[in-house]
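Reading through the structure tokens given below for one structure.
The values are calculated or read from the model by the stated rules, or taken from the named source; none is laboratory data. Predicted model only: the values in this text are computed from it and were never measured. Note: ideal-geometry Cβ built from the backbone for every residue, glycine included; neighbour counts use all protein chains shown. Side chains included, ligands, DNA and RNA excluded: accessible areas come from the protein's heavy atoms. Shrake-Rupley method; radii C 1.70, N 1.55, O 1.52, S 1.80 Å.
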Amino acid sequence: MAVAAMLLIQLCNALSIGLIAEVGAAGTAWLRLSMGALVLILIARPPLRSIRRADVPALLGLGVASGLMTTAFLSAIDRIPLGTAVAIEFLGPLTVAAILSRSRRMLVWPVLAMAGVVLLTEPWRGEMDLIGVGFAALAGLGWGVYIVLTQRVGDRFAGISGLSMTIPIAAIVTAFIGVPQSFGHLDWRVLLFALGLALLAPVLAFGLEMLALRRMTHTAFGTLMALEPAFGVILGLLVLHQLPSALQVAGILLVVLAGAGAQRGGARDPEATTAPSAASTPASRLLP
């Protein structure tokens with residue numbers, strides 16, 4: 001289920017390229033988040049009455065981080081290959097894992113992943129799209145913040161109820177850029193396509209993650225998550241016909257090894273959570 005969730009997310013990213021061509025990256029982010037928010041509200045019914053004042057900063061922060069991450073990542077894959085964008089974005093959660101571990105030895109993993117990213121981008125060829133790389137790095141920053149805040153929200157609200165409150169916030173945040181960018185390009189075909197993408201991620205993908213996390217530890221799930229850059233390359237090849245070079249394949253392998261290594265000893269203390277179903281809330285990513 002965890003592997004299926006990651007494949008669905010990268011499939012959604014690959015298929016989003018067609019929508020980006022029509023309504024722009026920000027417009028695509030807004031449509032995906034808005035459609036996902038509507039579906040999640042219908043499924044989960046946000047528990048607004050249970051919100052405490054102390055919950056507000058984490059909920060708002062998670063919504064803003066989600067909107068930033070989604071918009072930046074879609075802007076990145078509009079300019080650079082999908083696998084490369086996922087690998088660069090993956091530096092965000094790797095760095096967060098290293099910092100939160102308070103161990104200097106953990107810093108080796110982001111450094112190893114950075115070496116893989118260098119092989120992926122091949123800056124010595126002079127063809128690197130710095131704007132695309134910058135968008136992917138910004139998405140990585142959003143992903144790192146998202147992981148920290150998702151754990152806090154997941155510890156407070158059971159199941160996907162937290163998502164039913166934060167994704168609408170993300171949709172509102174992206175609307176400031178997404179609505180003007182997509183204005184005049186919306187029709188029933190675009191809206192139907194956006195709904196289909198939203199059903200892939202976050203709705204179906206996060207549902208699978210939720211079920212997977214009920215059956216496995218966060219460490220095991222995080223180790224599997226390290227495969228995501230490789231899945232990005234595979235879907236980029238199959239859907240977008242983006243063929244990586246031998247050096248780029250080596251770079252992806254370094255990023256995957258770094259992601260798996262960073263998860264060693266990363267299990268959470270069960271007593272650290274306050275909600276009985278907190279383990280069912282995915283703490284990996286929102287959309288890309």
Query raised in the report: Tell me, what does the Kirkwood hydrodynamic radius of segment 170-218 come to in angstroms if you use every pair of distinct C-alpha atoms?
Result: 13.0
Query raised in the report: For His185, what accessible area in Å² do you get when you roll a 1.4 Å probe over the heavy atoms of the protein chains, rounding to the nearest 10?
Result: 90
Report summary line: Everything considered on the Cα gyration tensor (a ≥ b ≥ c; rounded for a/c under 1.5, else prolate if a/b is larger than b/c, else oblate), the chain must be described as oblate
Report summary line: Applying the gyration tensor rule to the Cα atoms of segment 63-102 (axes a ≥ b ≥ c; rounded if a/c under 1.5, else prolate if a/b exceeds b/c, else oblate), the class is oblate
Query raised in the report: Taking the Cα centre of the chain as origin and charging only Cβ (+1 Lys, Arg; -1 Asp, Glu), how large is the dipole, in debye to the nearest 20?
Result: 820
**Report entry** Rounded percent of accessible protein surface that carbon and sulfur make up, the chain, 1.4 Å probe
**Finding:** 69
Requested in this report: Under a 10 Å cutoff between Cα atoms, tell me which one of Gly261, Gly184, Gly83 has the largest fluctuation in the Gaussian network model of the chain.
Outcome: Gly184
Report summary line: Per the C-alpha gyration tensor (a ≥ b ≥ c, the square roots of its eigenvalues), segment 37-175 is rounded if a/c is under 1.5, else prolate if a/b beats b/c, else oblate; here it's oblate
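Select from the chain the helices, each a whole stretch of DSSP H, whose alpha-carbon atoms run 27 Å or more along the helix axis and whose Kyte-Doolittle mean is at least 1.6; answer none if there are none.
Within the chain the helices that satisfy the rule are 2-44, 56-77.
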Requested in this report: Estimate the FRET efficiency between Arg105 and Leu130 by the formula 1/(1 + (r/R0)^6), using the beta-carbon distance for r and 22 Å for R0, to the nearest 0.05.
Outcome: 0.10
Requested in this report: Take the alpha-carbon centre of segment 134-179, take the same for segment 197-214, and report the distance between them in whole Å.
Outcome: 15
Report task. Pick out which of Pro46, Pro123, Pro81 has the largest mean-square fluctuation in a Gaussian network model of the chain, springs linking Cα atoms closer than 10 Å. Result -> Pro123
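For the chain, what does -39500 (n - 2.57) per DSSP helix run (n ≥ 4), summed and divided by total residues, give at 222 nm, in deg cm²/dmol to the nearest 500?
Numbers: 12 runs with 203 residues, N = 288.
Mean residue ellipticity, 222 nm, calculated: -23500 deg cm²/dmol.
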